[in-house]
Amino acid sequence: SARMGLPALALLLAVRLLQTQASPSARSFQLDYEHNCFLKDGVPFRYISGSIHYARVPRPAWRDRLLKMHMSGLSAVQVYVPWNYHEMLPGVYDFSGNRDVEAFLDLTAELGFLVILRPGPYICAEWEMGGLPAWLLWKPNIILRTSDPAYLAAVDSWLHVLLPKIKPHLYQHGGNIISVQVENEYGSYYACDYGYLRHLLGSFRALLGNEVLLFTTDSTRVEELRCGTLQGLYATIDFGPGSNVTEAFDAQRHVEPKGPLVNSEYYTGWLDYWGEAHASTSAAWVARGLEDMLQLGASVNMQSPFLQLTLLPRPGADYKDQYKPVTTSYDYDAPLSEAGDPTEKLFAIRTVISKFQPLPVGPMPPATPKYAYGWVALKKFANLLDVLDVLCPSGPIQSQFPLTFEAIKQAHGFVVYHTQLPQDIPDPVTLGAPPHSICDRGYVMLQKEYQGTLERDRQITLRVTGRAGDTLDVLLENMGRISFGANISDFKGVLENISLDSDPLSNWLMYPLAIDTAVQQGWPHTAVPKSSSRGRAGPAFYTGTFETPGIAWDTFVKFPGWSKGQLWINGFNLGRYWTSRGPQQTLFVPGSVLHAGHSNNITVLELEGAPLTPLLLFLDRPLFNRTLSHSTLDRE
C-alpha cells in the first residue's frame, strides 16, 4: 500500500484522538435552555415517567411491576432511596435482599428504562420520618434538614456510602440515571436554609461529578419555590390533576424562565389516613391533566403508577391540626394496584401516552393470580405482659420518670412502661398525661387487666381504682413518625409524666420490645403457649397455621371482629390492621412470603381485644373503604 504522507497521518491521528475523547461524553443528558427541552446525546428529549418504590415492593415482584410500567408506554421510572431503610443504626448499612438498590437499578436498565433518582436525604414519600433515620433524634436538640453540624455530619457520612454506589449507574458513565433530585419539596419546610441546600449541592457534585443533571421539586406556591430552589439546581414543580396546567407551569417559569417544563410529581391518586374514607381520583381526570401537560411538551413523572407495602412496613404520618397516621396499604388508588394489577386508570394513561409516542409491542401482562384461602382459626398464645422475657431479652431500663423511645434507642414498634401504684385508690381517680405527650397510643393495664387506651391528640385520661403496690403497665405504640412539614422531629413514647390526679408517677421500668426479631426467629411457633392466657381484652399474641394448595398465590387477609394490631406470616411483618377505625380492612399478603405445599405460620398481636372466636378470613380481593363513620361504603 502507498505510504501515507505525514500531514494525512497527523490528521488521522487527530481524528482518532478526538473520537476517543468524544466517546465517554457521547452519552450525555443536559438542559437545552435555548429550545426549552432536555438533550439526550445531543437530541431533544422529554420523558414520561412513573414512580416505583423498591422498598415497598417485594423483590420477587420487581420485574412484574416494572414490566407492566414498561408496557404502559413509560420511558422512565422515578426511584426514591429511603435513608432509614439502609442505615437503621448509625454506621450499620444494609443493601441486601429487598434493599439491594443496585440490583433494582440493573433491572430497570435491563427493561430499557431511564431513571430519575431521588436519594434525599429527605424524601417524604409518606414514609416514616420522610426517610430520615429515627436515630438522628438520639441527639434531642438536632435541627433536621438544616445546616446544623450534627445533622450535616450524619448526612455526609450517608452520602459518602450511597452516592459512590450510584455513580457508575449515571447515564454519562454508561448507566441509566439521567437526573438526580436534591432534597425534596424543601420549600415547604419552615427552615428555608440556603446554606443547607448549598452544602448538599457541593456534596452531590463532589461525589457524582459535574456532568449529572441535579434538580429540585417544589409545589407551585411562590414562597415554596423561593425557599426550595437554588442556583445550580434545576427547579421543577409538582401538582395534581385538579390544577390549571398553564398556571402551574407559569409558576415554574418564574424561577426557571428557560429550560424544559417538568412536573416531577403528578398525583394519580392519594394516600389514606386511618379513620378517613379511602381516597380516589378519577381516571378521566388524571388522563386529561396528563394530556394537557404532554401537549405543552412537558416532561412528567406520575406519582405513583405502582406502590405497595413493604415487608417491614414503615408508613409515616401527617400533622394537620392533629396527628394523622397513614394506613399500612399504600395502594394510593394508583394506576397499578397494591397487588400490581393494571387498572382502568393505567389503560387511560396508556391511551394518552400512545398519542405522543409509540407503545411497546405486545399485550399488558395480566393481573397476578389471587387465591381466597378462606377461614383460618387462631388460638391465643399469651398475653404480651407474660412474655416480656422473650420480647426484651436485655431486660428493662430503670428511670425515676418515663424516657422517650429515642432516649432508650428504640426506633420503632413498642415499649412497655411499668410502675406500681404508690397508694390505695378506693375511689376512681384520673390517670393521664398532658396533651401531645402520649406518642402515639398507650394501652393501659392494672394488675395485668386491660383498662383502656390513651391516644395522641384524642383521649388522654382514664378513670382507675386500685391498691398500693398494684402493677401499672402502659404499652406504648409508635404509629409512624410524621413525614412532612415542621413536626418531623417526632419523638415517640411517653414525652412527659403520667400522673394520678396530677401527682406524677415515678420509679419506672421500661422494656423496649424486639417483637420483629423474635418472630423472625420463629417465635412463638417454636414455644409453649402460656397456660394463664384466658380472656380476650388487652395486648396478646394469637397463632395459627394454614396450607397453600401446592402453589403460593397472592391473597388478602381480613380481621372480622378484631380491633387493632399487627400481622406476621412466616416471620414477615405485613403491617397494621385497625378494623374498628378503617378505611383499610384487609392486608395484602404477597405470594412470595408464603410456603407452597406446607404449613404457613400466622402470628397476630391484637392490642385491644380479639373476637370470642378468633378467625382470619383470606380473600382474593382487597377491602379498602369501610370505616366506623363510612360503614355503608364497603368498596371492593
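The values are calculated or read from the model by the stated rules, or taken from the named source; none is laboratory data. Everything numeric in this text was worked out from a predicted model, so none of it was measured. Please note: Cβ atoms are built from the backbone with ideal geometry, for glycine as well, and neighbour counts cover all protein chains shown. We work out accessible area using only protein heavy atoms, side chains counted, and drop any ligands, DNA or RNA first. Shrake-Rupley method; radii C 1.70, N 1.55, O 1.52, S 1.80 Å.
Descriptive notes on the structure:
- Charge tally in the Cβ shell below 13 Å around Tyr196, where Lys, Arg are +1 and Asp, Glu are -1, Tyr196 excluded: -2
- Counting only protein chain heavy atoms and rolling a 1.4 Å probe, the accessible areas of Met364, Met129 rank, largest first, as Met364, Met129.
- Estimated FRET transfer efficiency (Thr351, Glu496; beta-carbon r; R0 41 Å; 0.05): 0.15
- Chymotrypsin sites (Phe, Trp or Tyr not before Pro) restricted to the range 345-390 and DSSP loop, no more than 13 other C-beta within 10 Å: none
- When cysteine pairs in the chain are screened for C-beta atoms closer than 4.7 angstrom, the residues that find no partner are Cys37, Cys124, Cys392, Cys439.
- Candidates per trypsin sites (Lys or Arg not before Pro) in the range 222-291, loop by DSSP, up to 13 other Cβ within 10 Å: Lys258
- Note on the range 158-276: with charges restricted to the Cβ of Lys and Arg (+1) and Asp and Glu (-1), its dipole about the Cα centre is near 640 debye.
- Accessible surface, 1.4 Å probe, highest first, among residues Arg145, Arg350, Arg221: Arg221, Arg350, Arg145
- A simple count of charges around Ser282, restricted to other residues whose Cβ falls under 13 Å of its Cβ and scoring Lys, Arg +1 and Asp, Glu -1, yields 0.
- Debye equation applied to the C-alpha atoms of the range 51-355, log10 I(q)/I(0) at 0.08, 0.15 Å⁻¹: -0.32, -1.32
- Computed FRET value (nearest 0.05) for Glu276 with Asp41, which takes r as the C-beta separation and R₀ as 51 Å: 0.60
- Farthest positive-ward along the chain dipole, Cα basis, beta-carbon charges - from Ala55, Thr613, Pro241: Ala55
- Phi to ³J(HN,Hα) by Karplus 6.51 cos²θ - 1.76 cosθ + 1.60 over the range 109-119, Hz, x for Gly, Pro: 5, 4, 8, x, 8, 8, 10, 9, 9, 10, x
- When +1 charges are put on Lys and Arg Cβ atoms and -1 charges on Asp and Glu Cβ atoms, the dipole computed for the chain relative to its Cα centre reaches about 1260 debye.
- Close amide H partners of Gly575, meaning residues 5 or more places away or on another chain with modelled amide H under 5 Å apart, are Leu567.
- Of all DSSP beta bridges confined to the chain, the antiparallel ones make up roughly 70%.
- Taking amide H as placed 1.01 Å from N in the peptide plane, Thr268 has its amide H under 5 Å from the amide H of Gln303, Ser304, each at least 5 places away in sequence or on another chain.
- Which of Ala411, Asn507, Phe491, positive extreme of dipole for the range 394-513 (C-beta unit charges): Ala411
- On a per residue basis, the chain carries 39 Å² of accessible surface, using protein heavy atoms and a 1.4 Å probe.
- Rounded to the nearest 20 debye, dipole of the range 51-355 from Cβ charges on Lys, Arg, Asp, Glu: 520 debye
- Surface accessible to a 1.4 Å probe, Ile142 within the full protein complex, Å²: 20 Å²
- Alpha-carbon Rg/Rh ratio, for the range 394-513, with Rh computed the Kirkwood way: 0.96
- Think of the chain as a dipole: +1 on every Lys or Arg Cβ, -1 on every Asp or Glu Cβ, centred on the Cα centre; then among His595, Ala339, Pro149, His595 lies furthest on the positive end.
- His254, His53, ranked by accessible area, largest first (probe 1.4 Å): His254, His53
- Local electrostatic count, Met302, Cβ distance below 12 Å [Lys/Arg +1, Asp/Glu -1]: 0
- Carbon + sulfur, % of accessible area of the range 394-513 - ligands and nucleic acids excluded, 1.4 Å: 46 percent
- For Gly120, distant residues with modelled amide H under 5 Å away: Val81, Glu183
- In order along the range 560-574, phi translates into HN-Hα couplings of x, x, 7, 9, 7, x, 9, 10, 10, 10, 6, x, 8, 7, 9 Hz, rounded to whole numbers, per the Karplus curve 6.51 cos²θ - 1.76 cosθ + 1.60 with θ = phi - 60° and x for Gly and Pro.
- On the basis of the beta-carbon distance and an R0 of 35 Å, Arg288 and Glu110 show a calculated FRET efficiency of 0.55.
- Annotation for the range 515-529 versus the range 192-262: alpha-carbon center distance of 48 Å.
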